[in-house]
Every structure is written in structure tokens, then in C-alpha cells.
Amino acid sequence: MEKFELLPLFNIEGISAASGLVFNDNKLYIISDSSSYLYEYDIAAEKLNKIALVENAQENIVKKDKPDFESITLKDEKLLLLGSGSTATRNSMIVFDLKSNEVTVQSLAAIYSQIKSEHSIKDSELNIEGCIITNETVYYFQRGNGAQGKNGIFFSKNSTEKPKYTFVTFDLPRINTVSTTFTDTILVEDTIYFLATAEDTNSTYGDGEILGSSIGTIDLKTMTLQHCFQISQKHKFEGLTLYKKTATHIELLLCEDNDTDELVSTIYKLNIEL
């Protein structure tokens, strides 16, 4: 599986700090961790549309105030955008209905608080960077780049009753002695594909030197690591979506957070031999 090709596919002017993406109906839906817009990019027309998620939506929001959308997932024709939970201003989930274009806002504060309480995670250590929702279960992917180093998956059965979250830790391969930690995830059939980045910092808030990114897979049923290998020595890949899949290859689209205010984002294509 370690035979791969990673190439820049195209640039999109008007987006900075891209942190997640979904490919659907020949459009890319992209989030930025420093913006309160959802970006819709029509690939064929090469046209970018900005969708305001709140009143007075902004770009390049200062770090202490930003909603920090780090995860976007598609469920039942609705896009769910999740804040990372790493500060009190980052506890929102925004739902965008692709059919009606309706925007609704929900709070994740109670869920995040429960997760922290059940698993002894400090307020500053929670850092949700991916989410997968099936008909039975919701999975939150914790990037363990803080001092506690808790990298893993919280999951619970979908229920009207108060859920209880199980936590499975994943100690991923290191790059130059620094652990790689989750930065995004998707589900393809019964396989979780994930991105992980090595960032030389012990803070979920502050940025550090980027040492590279990896791609890996986890078996959804057994929650065991199958593969993980490095794909870059310099990129901080934070967005992952399925593009195409055949019996012999899978093509994924990636975006990176380059930790700058420059309003341009490069979309990469990762082709992996299965």
C-alpha cells in the first residue's frame, strides 16, 4: 500500500488556512480554521462561492476569537462543521443543508465537557480534528499534540439517551522523534483513512515546526491500525476527502494549513496503490 503519488492538483484563490474538505457532486466544500465562511468550489467552472455561516462572517479571524473549524463531514445531504474544542470559543457545530442551504448552529460544549470528564482530559488538551458519523455510531478523532499526548478516537452509539464515550488510543509512527497525530479522517467502506502530522509543539493552541505528514488506515470493526506511512516532509495536511476508488487504486484530495494569512490554498491529489 505504500506505493503512492502526491501532486498539487490546483490552487484556489480566496481561502487561507484550509483545515478540511468534502468532495460531493463535483464540488469541493472547504473549511478554514480562521474563517466563519464555508467555501464551495465548483471544480468544472473554477468558481468559488463563499457561504456565510454566521452574521458578519469574517476571514483571518484572530487566534483567540476564531471558531477553529477543524472537521467537516457529510451525512444525509448535510455538511457538519465542528470546532476543535481546544478553547471555549471553539465548541460549535454548524450544519449546512445542501438541499435548502439552511444554516443551523448547535453547541458541542456538553459533549466535549463529558468527553473531558470521562477521560481525564484537561480543557486545553481537547483537540477534535476529525469526525465520522455512521447510522449507529459517532466517532471523534482527538489530535494528541498537547502535553498529555492523548491521541485517539472517542466513540459512542447514536442514542436518544445520554451516551458514554469509549476512547481508543493510537500511538502513531514518529517523524524525527516527534509523534504524528490525527489531523483528519474519512470512512471508505469499513476502513478509516486518516491524516496525521508531526508538529514540534506540546500545545493544542500554539503552532510548531512542521516535520511532515502521514497517511494511514484503521479497521473500523476492530479499531486496529493497518497501515501508516509518511507522504511529505514539509506539509501540514489537515483535510482529506475521497475522490475516486477502483479495485487497485484510491485517489484522495488533500488540503493543507500553511499557518499563514495568505488567501490561497493548494489542493493536492494523493494516489495510492491498494
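The values are calculated or read from the model by the stated rules, or taken from the named source; none is laboratory data. For clarity, every value in this text was computed on a predicted model and none was experimentally measured. Methodologically, a virtual Cβ is constructed for each residue, glycine included, from the backbone with ideal geometry; neighbour enumeration extends over all protein chains shown. Note: areas computed on protein heavy atoms with side chains; ligands, DNA, RNA excluded. Shrake-Rupley method; radii C 1.70, N 1.55, O 1.52, S 1.80 Å.
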Taking the stretch 117-160 as the search range and keeping residues that are in a loop (DSSP other than H, G, I, E, B), under 29 Å from E189 (Cβ atoms) and among the charged types (D, E, K, R), which one is least open to solvent (accessible area, probe 1.4 Å)?
-> R143
Out of K157, K116, which single residue is of a type in the set (K, R), in contact with a strand residue (DSSP E or B) (Cβ under 7 Å, 6 or more places away or on another chain) and free of Cβ contacts under 8 Å to residues at least 24 places away in the same chain?
-> K157
Can you tell me which residue among S35, S19 is without any contact (Cβ under 8 Å) to a residue 60 or more places away in the chain, of a type in the set (G, A, S) and in contact with a Phe, Trp or Tyr (Cβ under 8 Å, 6 or more places away or on another chain)?
-> S35
Check the stretch 62-84 and report whether any residue there is outside any helix (DSSP H, G or I), over 23 Å from L254 (Cα atoms), among the aliphatic types (A, V, I, L, M) and modelled with pLDDT under 95.
-> yes
Of I272, I192, I215, the only residue that is β-branched (V, I, T), under 22 Å from T73 (Cβ atoms) and over 19 Å from the mean Cα position of the chain (by Cα) is I272
Hey, could you check the stretch 153-172 for residues that are β-branched (V, I, T) and at pLDDT 95 or above and say which is nearest to the chain's Cα centre (by Cα)?
-> I153
Selected residue (only one of A57, A110 is open to solvent by 50 Å² or more (accessible area, probe 1.4 Å) and over 18 Å from the mean Cα position of the chain (by Cα)) = A110
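Looking only at the stretch 209-231, decide whether some residue is without any contact (Cβ under 8 Å) to a residue 12 or more places away in the chain, within 24 Å of D68 (Cβ to Cβ) and surrounded by fewer than 19 Cβ atoms within 10 Å (Cβ to Cβ).
yes
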Failed item in (1) under 19 Å from the mean Cα position of the chain (by Cα); (2) more than 17 Å from Y139 (Cα to Cα), with M93 passing the rest | (2)
Is it true that some residue in the stretch 196-204 is within 18 Å of F154 (Cβ to Cβ) and not small (G, A, S)?
-> yes
Given the conditions (1) under 20 Å from the mean Cα position of the chain (by Cα); (2) surrounded by fewer than 17 Cβ atoms within 10 Å (Cβ to Cβ), which single one is not true for E5?
-> (1)
If you scan the stretch 162-186, which residues turn out to be touching a residue at least 12 places away in the same chain (Cβ under 8 Å), more than 19 Å from Y112 (Cα to Cα) and part of a loop (DSSP other than H, G, I, E, B)?
-> F170, D171, L172, P173, N176
Criterion: open to solvent by 60 Å² or more (accessible area, probe 1.4 Å), charged (D, E, K, R), without any contact (Cβ under 8 Å) to a residue 24 or more places away in the chain and within 19 Å of L9 (Cα to Cα) - qualifying residue of K244, K234 | K244
Restrict the check to the stretch 33-48 and report whether at least one residue is within 20 Å of the chain's Cα centre (by Cα), loosely packed, with under 15 Cβ neighbours inside 10 Å and in a loop (DSSP other than H, G, I, E, B).
-> no
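Filter the stretch 255-273 down to residues that are among the hydrophobic types (A, V, I, L, M, F, W, C), in contact with a strand residue (DSSP E or B) (Cβ under 6 Å, 6 or more places away or on another chain) and either farther than 17 Å from E2 by Cα or open to solvent by 70 Å² or more (accessible area, probe 1.4 Å) (or both), then give me how many there are.
Total meeting the criteria: 3.
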